[in-house]
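The values are calculated or read from the model by the stated rules, or taken from the named source; none is laboratory data. Predicted model only: the values in this text are computed from it and were never measured. Neighbour counts run over all protein chains shown; Cβ positions are idealised from the backbone, glycine included. Protein only, heavy atoms only, side chains kept; ligands, DNA and RNA dropped before computing areas. Shrake-Rupley method; radii C 1.70, N 1.55, O 1.52, S 1.80 Å.
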Amino acid sequence: MEIPQTIKVLPPRARKKKAFCIGINYKSQDRELHGCVNDAWNIAKFLKSFWNYAKEDIMVLTDEPYNLKYMPTRRNILSALRWLVKDAQPGDCLFFHYSGHGGRIVDLDGRRVDEMLIGKQAIHPIDWERAGEIVSEDLYDVMVKPLPTGCCLNVSL
């Protein structure tokens, strides 16, 4: 007599949605901006209202009001990017928004910038003059490389 094998079928995992929004006005710094903090909060509100992202699945870092835990420092941004992609699965939908200064790395003052970095695109955390820019390769390594096939990542810069 042949005994039929049973296969355990799990219900499909619900598609996860996570978002990370950054808004930096660089208040009281050279090159101060206006509106970047509002951009970050408005994007977060849009994602909740129109795309059904849960409040607990949206992280926002801004430089207003001053709160060290949520300050968009280089360290906090890289940490939040790791949070964004942690445990990502096929079918998940991730969103990253950045509103602030960015540019290309140049060696205008002979600071001994690594030759490999010159000409690279970068975003500027609030502490970029001390801690450094976050170059496109860093963003790719932390935010894109770990994603499984079938996971959606939308980026707004």
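Could you pull out every one of the lysines with an alpha carbon less than 30 Å from that of Lys69, ignoring same-chain neighbours closer than 8 positions?
Result set, ordered by chain and number: Lys16, Lys17, Lys18, Lys27, Lys45, Lys48, Lys55, Lys86, Lys120, Lys145.
Place the peptides 135-144, 38-47 in order of packing, highest mean first, counting for every residue the other Cβ atoms within 10 Å and averaging per peptide.
Output ranking for 135-144, 38-47: 38-47, 135-144.
Rank these residues by their accessible area, most exposed first, probe 1.4 Å: Thr62, Thr149.
Thr149, Thr62
How big is the range 17-68 by the Kirkwood estimate over distinct Cα pairs, in Å?
11.6 Å
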